Amino acid sequence: MTRDSSVDMRTRMQEFLPKLVLAPSFALVLLFVYGFIAFTIYLSFTDSRMLPSYGLEGWENYSKLFRIREWETAVTNLAIFASLYIVICTLIGLLLAIFLDQKIRGEGVLRPIFLYPMALSFIVTGTAWKWFLDPGIGIENTMHLWGWESFEFGWIKDRDMAIYTIVIAAVWQTSGFVMAMFLAGLRGIDNEILKAAQMDGASNFQLYRRIIIPLLRPAFLSAFVILSHLAIKSYDLVIALTGGGPGNATAVPATFMYSYTFTRNQMGIGAASAVIMLMTIAAIMVPYLYAELREKK
Amino acid sequence: MSVATQDNAASVGRVGRTFVYLTLLLFALFYLLPFFIMVVNSVKPLSEITGGNMMALPQEWTIAPWLSAWSTAQIGVEPTGLRPYFWNSIRMVVPAVVICTIIGALNGYVLTKWRFRGDTIIFGLMLFSCFIPFQIVLIPMARILGILEIAGTTTGLVLVHVVYGIGFATLYFRNYYAAFPTELVRAAQIDGAGFFQIFYRILLPSSGPITVVCVIWLFTNIWNDFLFGASFASGDAAPMTVALNNLVSSSTGVKEYNVHFAGAILAALPTLLVYIVAGRFFVRGLMAGSVKG
Amino acid sequence: MGFLDINHVTKSYGNVEVLHRVDIAVEEGEFLVLVGPSGCGKSTLLNMIAGLEGITSGEISIKDRVMNGVHPSKRNIAMVFQSYALYPNMSVAQNITFGLEMHGTPKPEREKALKDVASLLQIDHLLDRKPGQLSGGQRQRVAMGRALVRNPDVFLFDEPLSNLDAKLRVDMRTEIKKLHQNLKTTVVYVTHDQIEAMTLSTRIAVMFDGYVQQLGTPKEIYDTPENVFVATFMGSPAMNVVPAKVEMVDGVPHAKVARAEGDDALLAFAQDNMSEWAGKDILLGIRPEAITDPEGADRDSNCIVTLANRVGVTEPSGADTFVTMTLGGKDVIARMRADTTVQVDEMFDFAVNMEKAVAFDPQTEARIKA
């Protein structure tokens, strides 16, 4: 019996190689994501101003943050924006998906039209909607020229209403995507279940309410997670559409963080606001991702 | 699935179907309108916009706004037009997409075909990194770019986009390769192919569709990025989105709406083109980003 | 010392041992079939021979060379996979020669080997096609070609026929057997199909729950199963196993079993050693073909016993008619001639060939040896 003592370099290399290939990405992610998160969390406990400083001052930044009027505005705005954005996108997406699923002629033309805004930059979207909603040259002016003299639509210049224009533009951009998600869900439902329900005498309306919409639960969940995550991150659209104005009427946490960190030299407070954004997203994403990963196993 | 079989459609009735079609058309109009306005007004002289109807077709057609947006419009302090920034974006997007895709493909290959203890945790950490609000990394990233002396450069932006694109690229390839038969890898091992040979000869030739999906996703996301561009590359190295925003929101002089619209379309053109040419893959990319695991 | 030696081999995942101390010595030219239900460890064992999975303890050696830790490609083995695992992007010819290419065989030699294998398997006309353009049977041939071209010491087959339809499966089975008879190569073949195991093998290892339950020739496995599991796993329909009690009548041990009606029938044992079990409970195992109509009974048997019992269900299969009855509180199947006169619900005198009967210890389920 001879034992192959060259057992063998190649086999050992092969075991080592996969980890070696994965290592750089893992190191990058560890440093640039988790290291940076740790660093930002650390900064949020320091008295950093224009530059990072390492003197710890406990929860000072957080308590300051919650006393700042603009932060309160930003959080309120986010709450209004996120809830309207999620609800409206879901409703429109579901409606369009169900309607498109009725053996519509021209589905192939309509679907891409609903979805193309998703390919655009929020900056482009913002530019377009900014002028479209501008009372001077936009829709209001057009209505006047068409003879509807009393038509008024000046939300974008109105401190109380401006946040809703952001909802409109954001819904325009992403509702088609939600439609696509629901459409995929609808097309994935087992035809035999539907046949059985029809045999049972369910009307079309009952079929949707009792059978189909409950079966779309996973699509609802995905849509909710994606939309809430997009809502919390949204920055570009606000900058392009209103620049956070009028005044700071449309500030959201993302714009707040940026202006406090880079233009107002309150880095500690900026870091604290970023940490709160992260925590909010983590509270939604972590359970979702955990469930998705476990399911796959 | 189709609840609305032909019989069913009849039972919904003509009124119902008309309503369905009307609603769909109305929404189609809603989605097309802003783009229509941009296009129409980008080929009008400025006087027709300020004095006229935004919806109306131009009485006098002109491509002057496009030329201006491309090469002479005032961006920041220089009258350079968007052209240099367009090329900035290209120089940023192409390397970032190529690097991310290669790394993502290799990662996906390792995570599905060479599994080891703890690989799920590593993947989980990468996956979560796709969804963090980037505000949380802005401050340390600015410091690191400063230390590496690539702050304010396109190189710096490439690094940033590579780092935050790896997660998604890995996700795509991992999910795709998970469905790739492991028996093929085993057969190739018995045939004597090594780690890289198996990747090049067996997996890569079948990776066309997912590569397209991944490239499109990365291209769209990186091209459309504003936050990183605005934070780390203002000035001469700014990408297209940042330049467009500067053009549109510059407060000096007369607002040249037609030029703004032309600029916006220029900024949208590459991603729009990708969407038109490969919309199927674009949608698949979006879906894969939402249905993970 | 065999050609392929599996020596004290175990396999654990973490703390869970999934394969318990396997010892098999395979001689050169043998056709060993590993058979068992899914999850029994047969594929794990095959993968360990291939080098696709590590060996927790013990040794596997081929031609006296210990293979532990040796890369799959250096073991001089070839494997045919359940899904065939043909590389979808390569032509048939490239598929077959890929292994040679990886081993640095010069092109002219590869071409020659390809030609030989292609004509052996009659796939010459398919060489330029892609796997996607082949039928199931053709893919199977290509997969075998890929294995054959390497001229390996040991062929490994991992359920290679389970993706084919019933008719093709039988044809390919014959083909594999013919190939083995011509080439005299050493084969380890995994299947969950006991008919494949019986027809192909020179020896069978029946596996269950991570243990080799029995290792032997097909005849040994079929006629003298080591335990109830092997008895019921091999054979179709399965062996009837019914509770019985041993009773001495005129100095001859009999099995006392309950009939459909509730009263007992007595069946005389052919083996004398059963008298040691007098008065004790046993499990009586009788294959369906050992319960027949009297005209169909085995004329060479010295111990045909008559069993009168009520007929339950009759199922004509063309070649035979299967009759189900109740015996010992269980459904028992008898295999009758196709033109038997048996009627549903009548009392019928079945002929039981007690020479073929086996008895098991009800506690350990092990066969009571003669």
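The values are calculated or read from the model by the stated rules, or taken from the named source; none is laboratory data. Keep in mind that this is a model prediction, so the values were computed, not measured. Cβ: placed from backbone, ideal geometry, glycine included. Neighbour counts: every protein chain shown.
Can you work out which of the residues in segment C:117-140 that are free of Cβ contacts under 8 Å to residues at least 24 places away in the same chain and part of a helix (DSSP H, G or I) is farthest from the chain's Cα centre (by Cα)?
Of all residues in segment C:117-140, those free of Cβ contacts under 8 Å to residues at least 24 places away in the same chain come to C:119, C:122, C:124-125, C:133, C:135, C:138.
Next cut, part of a helix (DSSP H, G or I) only: C:119, C:124-125, C:133, C:138.
Values: C:119: 30, C:124: 33, C:125: 34, C:133: 32, C:138: 25 Å.
Of everything passing the filter in segment C:117-140, C:125 is farthest from the chain's Cα centre (by Cα).
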Yes/no for residue C:284 being in a strand (DSSP E or B), modelled with pLDDT under 90 and surrounded by 13 or more Cβ atoms within 10 Å (Cβ to Cβ): no
Positions within segment A:240-297 being more than 8 Å from every other protein chain (Cβ to nearest Cβ), under 24 Å from residue A:163 (Cα atoms) and among the polar types (S, T, N, Q), in sequence order: A:242, A:248, A:250, A:255, A:259, A:263, A:280
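Yes or no, residue by residue, for (1) facing chain A (nearest Cβ under 10 Å); (2) aromatic (Phe, Trp, Tyr); (3) in contact with a strand residue (DSSP E or B) (Cβ under 7 Å, 6 or more places away or on another chain); (4) over 25 Å from residue A:226 (Cβ atoms):
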residue: B:84; (1), (2), (3), (4): no, no, no, yes
residue: B:117; (1), (2), (3), (4): no, no, no, yes
residue: B:123; (1), (2), (3), (4): yes, yes, no, no
residue: B:136; (1), (2), (3), (4): yes, no, no, no
Residue B:77 β-branched (Val, Ile, Thr) and out of contact with any helix residue (DSSP H, G or I) (no Cβ under 9 Å at 6 or more places or on another chain): yes
Strands (runs of 3 or more DSSP E) (entirely within segment C:19-101) containing at least 3 residues that are under 26 Å from residue C:116 (Cβ atoms) and within 23 Å of the chain's Cα centre (by Cα): C:77-80
Residue tally, condition surrounded by fewer than 22 Cβ atoms within 10 Å (Cβ to Cβ) and over 22 Å from residue A:14 (Cα atoms), over segment C:66-85: 2
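Can you list the helices (runs of 4 or more DSSP H) found entirely within segment A:169-279 that contain at least 3 residues being among the β-branched types (Val, Ile, Thr) and without any contact (Cβ under 8 Å) to a residue 60 or more places away in the chain?
By residue number, no helices (runs of 4 or more DSSP H) qualify.
Just to be sure before I move on: is residue B:30 more than 30 Å from residue A:205 (Cβ to Cβ) and either more than 7 Å from chain A (Cβ to nearest Cβ) or in a helix (DSSP H, G or I) (or both) in the structure I sent?
Details: more than 30 Å from residue A:205 (Cβ to Cβ): no; either more than 7 Å from chain A (Cβ to nearest Cβ) or in a helix (DSSP H, G or I) (or both): yes.
No; evaluated as a whole, the condition is false for this residue.
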Within segment A:175-219, tally of residues that are surrounded by 22 or more Cβ atoms within 10 Å (Cβ to Cβ), more than 9 Å from every other protein chain (Cβ to nearest Cβ) and either over 19 Å from residue A:102 (Cβ atoms) or modelled with pLDDT under 85 (or both): 0
Residue B:226 vs. criteria of a type in the set (Phe, Trp, Tyr), without any contact (Cβ under 8 Å) to a residue 24 or more places away in the chain and surrounded by fewer than 24 Cβ atoms within 10 Å (Cβ to Cβ): yes
Residue within segment A:104-125 that is part of a helix (DSSP H, G or I), crowded, with 24+ Cβ neighbours inside 10 Å, more than 8 Å from chain B (Cβ to nearest Cβ) and not charged (D, E, K, R) present: no
1 or more residues in contact (Cβ under 8 Å) with a residue 12 or more places away in the chain and over 29 Å from residue B:40 (Cβ atoms): qualifying helices (runs of 4 or more DSSP H) within segment B:64-164: B:83-113, B:119-129, B:135-147
Segment A:43-58 residues that are away from every other protein chain (no Cβ under 11 Å) and assigned to a loop (DSSP other than H, G, I, E, B), paired with ones that are surrounded by fewer than 19 Cβ atoms within 10 Å (Cβ to Cβ) and not charged (D, E, K, R) (beta carbon under 8 Å, 6 or more apart): A:45/A:56; A:45/A:58; A:45/A:59; A:47/A:53; A:47/A:55; A:49/A:265; A:50/A:265
Test result for residue C:333, within 25 Å of the chain's Cα centre (by Cα) and buried (at least 20 other Cβ atoms within 10 Å of the Cβ): yes
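Considering only segment B:38-70, state which residues are aromatic (Phe, Trp, Tyr) and over 14 Å from residue B:260 (Cβ atoms).
Start the filter on segment B:38-70 by keeping residues that are aromatic (Phe, Trp, Tyr), which leaves B:61, B:66, B:70.
B:61, the sole residue that qualifies.
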Hits in segment C:92-149 - residues which are surrounded by fewer than 20 Cβ atoms within 10 Å (Cβ to Cβ), small (Gly, Ala, Ser) and more than 14 Å from chain B (Cβ to nearest Cβ): C:119, C:135, C:136, C:137
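Residues to consider are A:30, A:20; find the one that is under 22 Å from residue B:142 (Cβ atoms), in a helix (DSSP H, G or I) and free of Cβ contacts under 8 Å to residues at least 60 places away in the same chain.
Details: A:20 fails: under 22 Å from residue B:142 (Cβ atoms).
It is A:30.
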Residue check, residue A:147 on the phi > 0 side of the Ramachandran plot and either surrounded by 17 or more Cβ atoms within 10 Å (Cβ to Cβ) or not in a helix (DSSP H, G or I) (or both): yes
Residues (within 14 Å of chain B (Cβ to nearest Cβ), touching a residue at least 24 places away in the same chain (Cβ under 8 Å) and among the aliphatic types (A, V, I, L, M)) located in segment C:22-77: C:46, C:48, C:49, C:50, C:62, C:77
For residue C:292: the one exception among (1) more than 23 Å from the chain's Cα centre (by Cα); (2) surrounded by fewer than 18 Cβ atoms within 10 Å (Cβ to Cβ): (2)
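So is residue C:68 in the same structural domain as residue C:130 (by TED's automatic domain parsing), of a type in the set (S, T, N, Q) and closer than 17 Å to residue B:114 by Cα or not?
Working: in the same structural domain as residue C:130 (by TED's automatic domain parsing): yes; of a type in the set (S, T, N, Q): yes; closer than 17 Å to residue B:114 by Cα: no.
Here the answer is no, as residue C:68 does not meet what is asked.
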Hey, residue B:245 surrounded by 20 or more Cβ atoms within 10 Å (Cβ to Cβ), polar (S, T, N, Q) and in contact (Cβ under 8 Å) with a residue 40 or more places away in the chain or not: no
Members of segment C:336-370 that are surrounded by 13 or more Cβ atoms within 10 Å (Cβ to Cβ), basic (Lys, Arg) and not assigned by TED's automatic domain parsing to the domain that holds residue C:281: C:367
